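Below: one structure, written as structure tokens.
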Amino acid sequence: MFLSTQLDPTVTFVSILAILIIIFGLILKRFKQPYIIGYIMIGALIGEHGIGLIKDSDSIHHLGEIGIILLLFFIGMEISLPELVKQWKLAVVSTLLQVGFSVLTVIIIGYFFNWNIERSVILGFVIALSSSAVIIKIIQDKNLISTRIGKNVLSILLMQDIIIVPLLIITSVVGGKEESLENIILMVIGGLVVMAILIYIYIKRSIKLPFANKIENDHELQVFAAILLCFGGALLVSAFGISPALGAFVGGMVMHVSTATDWIYDTLHSFRVLFVALFFVSIGLQIDFQFIVENYVVITLVLLSVYLTNHFINSFILKLFSCKWHEAILGGALLAQIGELSFLISSSAFSLGILGDFGYKFTISLISLTLLISPFYISITEKLLKIYQKKKIMRLNNLS
């Protein structure tokens with residue numbers, strides 16, 4: 001006689017997720033593609049629109065947000081603030097132009113599909129923001145962080161993370177909800193606090209953590225100290241109504257000028273891998289294939305417009321700011337997709353009634369698809385650039 005047992009759903013989910021990640025990871029590694037693609041595809045497979053293994057996608061998404069905080073904290077630890085400051089003109093011009101052209105593009109498309117101006121403006125905001133999570137992971141994997149194009153792309157991504165605040169305020173105004181004076185003042189104060197921290201570390205160039213020596217050989221306390229240093233910055237900034245990921249990024253830059261980056265990196269690296277994977281799985285969970293198939297014409301049209309517009313604008317700006325053409329084109333490809341912060345704009349617009357059920361599903365599908373396509377798009381761009389470079393060298397050799 002066999003005992004009947006009921007499998008624990010959490011243990012089942014973790015086990016199946018690990019198996020799928022290993023299988024997809026090995027396949028993607030064989031074709032030299034980033035694991036991000038696998039995470040998103042797994043999310044789409046196990047979500048309610050796939051086999052239905054996961055019903056509570058919100059919990060996975062919240063866990064995934066921890067991954068974004070950890071990811072940006074790690075990137076902050078690799079960034080030299082003086083080098084980043086040199087790129088401020090590029091970041092501001094590129095971000096403003098991308099927002100302007102994106103809104104204009106969607107207004108033109110919306111005219112043919114009878115969209116109201118409010119929906120077009122919000123969708124323009126949505127497609128204007130690139131993905132810090134995806135691109136930072138890709139440029140890390142490709143060892144581009146310390147290169148000129150890597151620094152330029154990072155500066156643009158940072159500016160886009162900052163501009164999310166005014167875009168959310170405009171979204172509230174468009175939706176008829178006036179942002180309270182207290183919230184606006186709070187956000188402004190938060191921005192000033194961030195600026196003050198950045199100015200301090202820019203001037204000091206080197207700081208020492210007060211408790212670093214006391215826990216130098218205590219791995220257990222180092223785990224919690226590292227978590228505090230990462231999430232403390234995120235908590236401080238989020239208290240002012242600003243993205244906690246931006247706070248984590250600033251916290252990472254503070255750690256860059258300290259002497260503690262080695263043990264912090266060793267302590268948090270495994271946590272980052274796990275939670276970043278969960279973030280991309282949570283993106284895949286939101287992909288509704290039936291909705292995409294039913295609306296493939298308009299989705300395809302906007303998808304093409306997103307990639308062409310964002311790629312062209314960013315390539316042009318990067319070339320304008322002294323990048324070589326092949327660097328500018330690669331940079332444009334890196335910034336061509338829609339970012340995870342656009343989920344905040346679309347959800348805010350949905351709650352305010354600017355976007356209906358169709359508009360919300362449309363934006364979620366569009367964002368998810370661009371994140372899924374982006375690694376392929378970047379790889380194809382790289383291959384085309386290499387082919388062009390080889391042909392150019394051959395022509396020069398023939399002429400000589």
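Residue check: is SER130 in contact (Cβ under 8 Å) with a residue 60 or more places away in the chain and closer than 19 Å to LEU366 by Cα?
yes
Output the residues belonging to region 230-244 that are in a helix (DSSP H, G or I) and among the aromatic types (Phe, Trp, Tyr).
Here is the first cut: in region 230-244, the ones in a helix (DSSP H, G or I) are 230-238, 244.
Scanning region 230-244 gives a single hit, PHE231.
So MET195 clears everything in (1) within 21 Å of LEU157 (Cβ to Cβ); (2) part of a helix (DSSP H, G or I); (3) touching a Leu at 6+ places or on another chain (Cβ under 9 Å) except one condition, right? Which one?
(3)
Give me the residue from region 26-58 that is touching a residue at least 24 places away in the same chain (Cβ under 8 Å), assigned to a helix (DSSP H, G or I) and hydrophobic (A, V, I, L, M, F, W, C) and, out of that set, nearest to ALA133 (Cα to Cα).
The qualifying residue nearest to ALA133 (Cα to Cα) is ILE36.
Cβ-Cβ distance below 7 Å, separation of 6 or more or different chains: which pairs start in region 365-383 with a residue that is at positive phi and end on one that is aromatic (Phe, Trp, Tyr) and surrounded by fewer than 16 Cβ atoms within 10 Å (Cβ to Cβ)?
none
Under the condition of being within 22 Å of ILE380 (Cβ to Cβ) and crowded, with 24+ Cβ neighbours inside 10 Å, which residue from region 140-177 is farthest from the chain's Cα centre (by Cα)?
Per the stated criteria, the residue is ASN152.
Keeping to region 198-229, report how many residues are in a helix (DSSP H, G or I) and of a type outside the set (Ser, Thr, Tyr).
Selection size over region 198-229: 16.
List, please: which pairs have Cβ atoms under 7 Å, are six or more places apart or on different chains, and start with a residue in region 294-309 that is surrounded by 13 or more Cβ atoms within 10 Å (Cβ to Cβ) and end with one that is not in a helix (DSSP H, G or I)?
VAL298/PHE113; VAL306/ILE338; TYR307/ALA336
Are any residues in region 33-76 touching a helix residue (DSSP H, G or I) at 6+ places or on another chain (Cβ under 7 Å), farther than 30 Å from LYS151 by Cβ and polar (S, T, N, Q), and if so, which ones?
Of everything in region 33-76, just one residue is touching a helix residue (DSSP H, G or I) at 6+ places or on another chain (Cβ under 7 Å), farther than 30 Å from LYS151 by Cβ and polar (S, T, N, Q), namely SER57.
If I filter region 341-365 down to residues being over 20 Å from the mean Cα position of the chain (by Cα) and of a type in the set (A, V, I, L, M, F, W, C), which single residue comes out as surrounded by the fewest Cβ atoms within 10 Å (Cβ to Cβ)? Spell out how you get there, then give the answer.
Quick first cut of region 341-365, residues over 20 Å from the mean Cα position of the chain (by Cα) only: 350-359.
If we keep only those that are of a type in the set (A, V, I, L, M, F, W, C) too, we end up with 350, 352, 354-355, 358.
Working: PHE350: 19, LEU352: 17, ILE354: 24, LEU355: 25, PHE358: 11.
In this case the residue turns out to be PHE358.
SER243 fails exactly one of the following numbered conditions: (1) of a type outside the set (Asp, Glu); (2) modelled with pLDDT under 75; (3) surrounded by fewer than 22 Cβ atoms within 10 Å (Cβ to Cβ). What is the number of that condition?
Unmet condition: (3).
Do the conditions hold for ILE242, that is, is it at negative phi and either charged (D, E, K, R) or out of contact with any Gly (no Cβ under 8 Å at 6 or more places or on another chain) (or both)? Can you show your working first?
Working: at negative phi: yes; either charged (D, E, K, R) or out of contact with any Gly (no Cβ under 8 Å at 6 or more places or on another chain) (or both): no.
Criteria not met by ILE242.
Name the residues in region 308-338 that are out of contact with any helix residue (DSSP H, G or I) (no Cβ under 6 Å at 6 or more places or on another chain) and closer than 21 Å to PHE291 by Cα, would you?
None - no residue of region 308-338 is out of contact with any helix residue (DSSP H, G or I) (no Cβ under 6 Å at 6 or more places or on another chain) and closer than 21 Å to PHE291 by Cα, so the list stays empty.
Go over the candidates ILE345, ILE317, ILE313 one by one and state the one that is out of contact with any strand residue (DSSP E or B) (no Cβ under 6 Å at 6 or more places or on another chain) and modelled with pLDDT under 85.
After ruling out the rest, the residue left standing is ILE345.
Quick check on region 73-90: of everything there that is under 16 Å from the mean Cα position of the chain (by Cα) and at pLDDT 75 or above, which residue is surrounded by the most Cβ atoms within 10 Å (Cβ to Cβ)?
The extreme case among them is PHE73.
Does region 118-131 contain any residue that is surrounded by fewer than 16 Cβ atoms within 10 Å (Cβ to Cβ) and in contact with a helix residue (DSSP H, G or I) (Cβ under 9 Å, 6 or more places away or on another chain)?
no
The values are calculated or read from the model by the stated rules, or taken from the named source; none is laboratory data. As the structure is a computational prediction, the values presented were derived from the model and not from experiment. Note: ideal-geometry Cβ built from the backbone for every residue, glycine included; neighbour counts use all protein chains shown.
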